[in-house]
Amino acid sequence: MAEERKTEISPVAPGEVVTCTVEQIMPYGAFVRLKTGQRAMIHISELSHSFVKKVEDILALNQEVQARVIKIDEKGRIDLSLKKMESPRPAPSPRPQSFGPAQPEDSRDSFEKKISNFLKVSEAKIADLNSKKNNPRAKKRGKPSK
């Protein structure tokens, strides 16, 4: 009987594409009404592959959208995603060789150079911090001369 009740409450299943209407927009996402009459939520992080500052940048009240069901929790709350409907964002293309230094042929050499530079910079910063640390002490210990 509990299983029958669950199917009545959530006739949608994770992975399904559903059509819904935006009912309420909040700073963290939007609440939508499915065609089945159920309420669901689209979190701001599930609106787009790119950065979304405000939900209103993507959705408007009473807008009809298609979304993918990504989760139905134990309380029957439905989470949707517009992002899963989009094709994934293409990977950033490598920098053209004409913009900047040429890449070394041997990646081991470039790694060794990066580590060497990192150590030099770190040692310089530590030496600078130590000298600054020692100078204020010297000023505090001695009394000003007349």
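The values are calculated or read from the model by the stated rules, or taken from the named source; none is laboratory data. Computed from a prediction, not measured in an experiment: that's the story for all the values here. Glycine gets a Cβ as well: all are built from the backbone with ideal geometry, and neighbour counts include every protein chain shown.
Just a yes or no: is a residue in the range 66-74 surrounded by 13 or more Cβ atoms within 10 Å (Cβ to Cβ), of a type in the set (S, T, N, Q) and closer than 18 Å to residue 22 by Cβ?
no
Just give me the residues in the range 99-146 being surrounded by 10 or more Cβ atoms within 10 Å (Cβ to Cβ) and either of a type in the set (Lys, Arg) or at pLDDT below 60 (or both), in sequence order.
103, 104, 113, 114, 120, 125
Can you name the residue in the range 29-40 that is crowded, with 18+ Cβ neighbours inside 10 Å and within 22 Å of the chain's Cα centre (by Cα) and is also nearest to residue 13 (Cα to Cα) among such residues?
40
Considering every residue within the range 79-89, establish whether at least one is over 23 Å from residue 17 (Cα atoms), among the acidic types (Asp, Glu) and modelled with pLDDT under 90.
Narrowing the range 79-89 to residues over 23 Å from residue 17 (Cα atoms): none.
For the range 79-89, residues over 23 Å from residue 17 (Cα atoms), among the acidic types (Asp, Glu) and modelled with pLDDT under 90: absent.
Just give me the residues in the range 56-65 being in contact (Cβ under 8 Å) with a residue 24 or more places away in the chain and either part of a helix (DSSP H, G or I) or surrounded by 13 or more Cβ atoms within 10 Å (Cβ to Cβ) (or both), in sequence order.
Matches in the range 56-65: 56, 58, 59, 63, 65.
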